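Coordinate-derived values only; no laboratory data. Model, not experiment: these values are computed from the prediction.
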Amino acid sequence: MLTIDKQYAERDTLYKFSRSIGLPTRLADIHVKAEDLAKVTAKALAGIDVRVYPYTVTEQMIVDGIMEMEAYDEKMR
């Protein structure tokens, strides 16, 4: 969500921390493929977090954010 919100400084800090302690930072780390994102985003939209945002969060926004994170992760490795 930090990527979707373009809060890149906070995203980068959280990303570096996550990598430093071995948390997953890309789809492959959790055994998910890009073609699985439709299922994942539908589930994410049912979560409470996206329902309290001050704007509507769409499946496409989530997919775009995930793919942007994938590209960021690739650049950082």
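Computed from phi, the 3J(HN,Hα) profile of segment 19-30 under the Karplus parametrisation 6.51, -1.76, 1.60 (θ = phi - 60°) reads 4, 5, 10, x, 6, x, 10, 8, 4, 4, 5, 10 Hz, with x in place of Gly and Pro. Couplings for segment 4-9, taken from phi via the Karplus curve 6.51 cos²θ - 1.76 cosθ + 1.60 with θ = phi - 60°, read 4, 7, 6, 8, 5, 4 Hz in order; Gly and Pro are left as x. Computed from backbone phi with θ = phi - 60° and the Karplus coefficients 6.51, -1.76 and 1.60, the 3J(HN,Hα) list for segment 32-48 is 10, 10, 4, 5, 8, 5, 4, 5, 5, 5, 4, 5, 4, 5, 7, x, 5 Hz; x is used for glycine and proline.
The mean sequence distance of close C-alpha pairs (under 8 Å, at least 6 residues apart), as a share of the length of segment 8-76, puts its relative contact order at 26 percent. Along its principal axes, segment 8-51 has C-alpha extents of 29, 25, 16 angstrom, given from the largest down.
One quarter of the convex hull surface built on the alpha carbon atoms of the chain amounts to 5.3 nm², the projected area averaged over directions.
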